[in-house]
């Protein structure tokens, strides 16, 4: 298949997977319906292991204001509500991971566990630091009542991780915001020296930026200095940024392949049927409306930032802190973060007075 045709398919796949547009067209929703059912079953299996006082911490009403209150900073800076791994037995922790695995791919679960493990690296490097670094200080919060055909939501969150999932009428209604961060970005010493959790996200983007010719770089590189963080931060509602940078339609075949690989890395954090459903249900995406922008240095361990923006999705990656060894990376659905539009339709249809 021609590179650009594949690229169109993957780009649409990301949009579909992030926006869960199949919910609006139930006949297309076999994969997202299966994923929603698996999440409901895994959530109920997890809840069944909890004692009453634990369940009271883990569960909230669907309309609780905390559902859309998210962040990626340490919990001391952003007090979190939910049940932490600290408060779970080992068996309950296994069920929490099983809930995560009901919607994430092996790759996505692996990144999640590795990011959590970096808290121990930070603790070992500075045991008396400002923040309590603990790989178990991650929280599961469930909003509404999980059921195979129901409407509910849940979140997995702690320092440098925030993953939100929404189910509407038994279909996946939203898979974002999705935040992955790493500190250190690359482990500099110790037994895991050289290990980099988000290596593909960084190295593929840099390879793409370096492959651009002089004329392309004039458009793609939007600033000599990278911003100090992702622009959208932990905003409750993702805002559409100016579509700066180089349009995919202005890339050659090899560059389009690099961008395909980069977008695919984000898409395939989710289970294969969700990731592949968008490709199977290919619809055209105008390559002129998909932009890749870079800011900062093109060299490793120097501050850099990039973003990919299309009409319906936004990816931001920033690595500037701690001598450019501290990554913040977020994916936002510009229509269906937290399943908002679909939840609004649900309430209009089922909760009219």
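The values are calculated or read from the model by the stated rules, or taken from the named source; none is laboratory data. Computed from a predicted structure; not experimentally measured. So basically every Cβ, Gly included, is an ideal-geometry build from the backbone, and we count neighbours across all protein chains shown.
Give 297, 288, 249, 228 a once-over and let me know the one that is more than 18 Å from the chain's Cα centre (by Cα) and closer than 26 Å to residue 341 by Cβ.
288
Just checking, which of 31, 36, 42 is in a helix (DSSP H, G or I), within 22 Å of the chain's Cα centre (by Cα), modelled with pLDDT under 95 and surrounded by 16 or more Cβ atoms within 10 Å (Cβ to Cβ)?
Being in a helix (DSSP H, G or I), within 22 Å of the chain's Cα centre (by Cα), modelled with pLDDT under 95 and surrounded by 16 or more Cβ atoms within 10 Å (Cβ to Cβ) holds for just one of 31, 36, 42, which is 31.
Output the number of the condition that residue 318 fails; it satisfies all remaining conditions of (1) touching a helix residue (DSSP H, G or I) at 6+ places or on another chain (Cβ under 8 Å); (2) closer than 16 Å to residue 266 by Cβ.
Failing condition for residue 318: (1).
State whether the residues of the stretch 102-109 include one that is at pLDDT 95 or above, part of a helix (DSSP H, G or I) and buried (at least 20 other Cβ atoms within 10 Å of the Cβ).
Yes - at least one qualifying residue is present in the stretch 102-109.
Can you spot a residue in the stretch 112-125 that is farther than 25 Å from residue 51 by Cα, in contact with a helix residue (DSSP H, G or I) (Cβ under 8 Å, 6 or more places away or on another chain), assigned to a loop (DSSP other than H, G, I, E, B) and modelled with pLDDT of 95 or more?
No, the conditions are met nowhere in the stretch 112-125.
Which ones in the stretch 220-254 are in contact with a strand residue (DSSP E or B) (Cβ under 9 Å, 6 or more places away or on another chain), outside any loop (DSSP other than H, G, I, E, B) and more than 29 Å from residue 323 (Cβ to Cβ)?
Selection gives 247, 248.
Given 192, 217, 236, 206, which one is within 14 Å of residue 294 (Cβ to Cβ) and either surrounded by fewer than 16 Cβ atoms within 10 Å (Cβ to Cβ) or without any contact (Cβ under 8 Å) to a residue 24 or more places away in the chain (or both)? Reasoning before the result, please.
On the way: 192 fails: within 14 Å of residue 294 (Cβ to Cβ); 236 fails: within 14 Å of residue 294 (Cβ to Cβ); 206 fails: either surrounded by fewer than 16 Cβ atoms within 10 Å (Cβ to Cβ) or without any contact (Cβ under 8 Å) to a residue 24 or more places away in the chain (or both).
Answer to the check: 217.
Working carefully through the options 181, 144, find the one that is touching a helix residue (DSSP H, G or I) at 6+ places or on another chain (Cβ under 8 Å) and in contact (Cβ under 8 Å) with a residue 40 or more places away in the chain. Give the derivation first.
Numbers: 144 fails: touching a helix residue (DSSP H, G or I) at 6+ places or on another chain (Cβ under 8 Å).
Just a single option satisfies the conditions, and that option is 181.
For the stretch 57-73, which residues satisfy the criterion of being under 19 Å from residue 86 (Cα atoms) and surrounded by 20 or more Cβ atoms within 10 Å (Cβ to Cβ)?
58, 59, 72
Could you tell me which of the residues 71, 81 is within 25 Å of residue 172 (Cα to Cα), modelled with pLDDT of 95 or more, part of a loop (DSSP other than H, G, I, E, B) and touching a helix residue (DSSP H, G or I) at 6+ places or on another chain (Cβ under 6 Å)? Explain how you work it out, then say what you get.
On the way: 71 fails: touching a helix residue (DSSP H, G or I) at 6+ places or on another chain (Cβ under 6 Å).
Result of the check over 71, 81: 81.
Which ranges mark the strands (runs of 3 or more DSSP E) fully within the stretch 133-191 that have 1 or more residues being more than 25 Å from residue 300 (Cβ to Cβ)? Let's see the steps before the verdict.
Numbers: elements: 138-143, 152-158, 161-168, 171-174, 178-182.
By residue number, 138-143, 152-158, 161-168, 171-174.
Got a number for residues in the stretch 304-314 being modelled with pLDDT of 95 or more and farther than 13 Å from residue 208 by Cβ?
1
What are the residues in the stretch 259-303 that are assigned to a helix (DSSP H, G or I), within 24 Å of residue 194 (Cβ to Cβ) and either touching a strand residue (DSSP E or B) at 6+ places or on another chain (Cβ under 9 Å) or modelled with pLDDT of 95 or more (or both), if any?
Listed by number, the residues that qualify are 262, 266.
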